[in-house]
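Enquirer: Following this message is one structure expressed as structure tokens.
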Amino acid sequence: MTPFTERNRQNAQHSTGPRTPEGKAVSSQNARKHGFSVTTHHLLSNEDPEEYAAFEAEILDAYQPKSNRELLAAIDIAKARWALRRFDEAEFVLLNACLSNPHQTPGETLAYACITDPTKPQGTDLPSLDLLLRYRRPWDRRHQEAIREFDRARADRYREERLAMQKEREALKQQMQAEKPRKETRAEREAREMRHVEILLGFRKPDAEPAPGFVSPLDMPKVKSASA
């Protein structure tokens, strides 16, 4: 091992970076300048977590998610809109800085900013706005996709609810048909009427067997076949 390598090894023992959670949280933001290029949701150091929580609650109250899938989509909508608010504010500040000429209307100043001026230093005015809009596009796409996902989740939930209601109606219909009295057949009706006639003529007592020697008309074919 060379002396140079040994010194590097010893120095590395003293340069391990932050060790506390607070120090690690700070060092993780060292490369972040404005947070515009971040495509995942993070609260910046100058943003209030309670303010975001209230903002997210307003979004959830507006969308009224009824399923876990809808809830996740609504939360994504809130995250995207929170990021888009940063761009709205940044665009407002940038345009005010670009359109601060008191001798021109805002439209005139913006038009002149859109014209390439060889004497103007590059990277000012409109290029800054282009950069801001480029950072904004991923969040616009994420916002639109979150809205589409919420609409799909809500449509799927409606379809599942309709199918469940249809199955419930079919089950109830089958139950009612099972409990409904069976319709009397023609032969059963004629036999019941004949028993009533026999009771009136005295050949049969109520709920009793036919009198001996009495042959009802319903039994006539059987008697004929026996005598034959």
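Read the figures in this text as sums done on the coordinates, not as results from a lab. All figures in this text were calculated on a predicted structure; none of them were measured in a lab. Because the Cβ atoms are built from the backbone with ideal geometry, glycine has one as well, and the counts that use them run over all protein chains shown.
Enquirer: Where Lys and Arg each count +1 and Asp and Glu each count -1, what net charge lies around residue 70 among other residues with Cβ under 10 Å from its Cβ? Display every interim value, and only then the final one.
Expert: Details: positive: 66, 69, 152, 154, 157; negative: 149, 151, 156.
Here the count lands on +2.
Enquirer: Fully extended, how many nm does the chain gain between residue 88 and residue 156 (0.36 nm per residue separation, minus their Cα-Cα distance)?
Expert: Numbers: separation 68, 0.36 × 68 = 24.48 nm, distance 3.35 nm.
Net length gain for the segment: 21.1 nm.
Enquirer: Taking 0.36 nm per intervening residue step and subtracting the Cα-Cα distance, what contour gain separates residue 147 from residue 96 on full extension?
Expert: Result: 15.3 nm gained on full extension.
Enquirer: Using 0.36 nm per residue, how much length does the chain from residue 185 to residue 170 gain when fully extended, once their Cα-Cα distance is taken away?
Expert: So the extension gain works out to 2.7 nm.
Enquirer: Right, another one. Per residue of region 151-160, what does 6.51 cos²θ - 1.76 cosθ + 1.60 with θ = phi - 60° give for ³J(HN,Hα)? Whole Hz please, x for Gly and Pro, Karplus curve as stated.
Expert: 5, 5, 5, 5, 5, 5, 5, 4, 5, 5
Enquirer: Here is a follow-up. Each residue of region 48-63 in turn: what ³J(HN,Hα) in whole Hz from Karplus with 6.51, -1.76, 1.60 and θ = phi - 60°, glycine and Pro shown as x?
Expert: With the stated coefficients, region 48-63 comes to 8, x, 5, 5, 5, 4, 5, 5, 5, 4, 5, 5, 5, 5, 6, 8 Hz.
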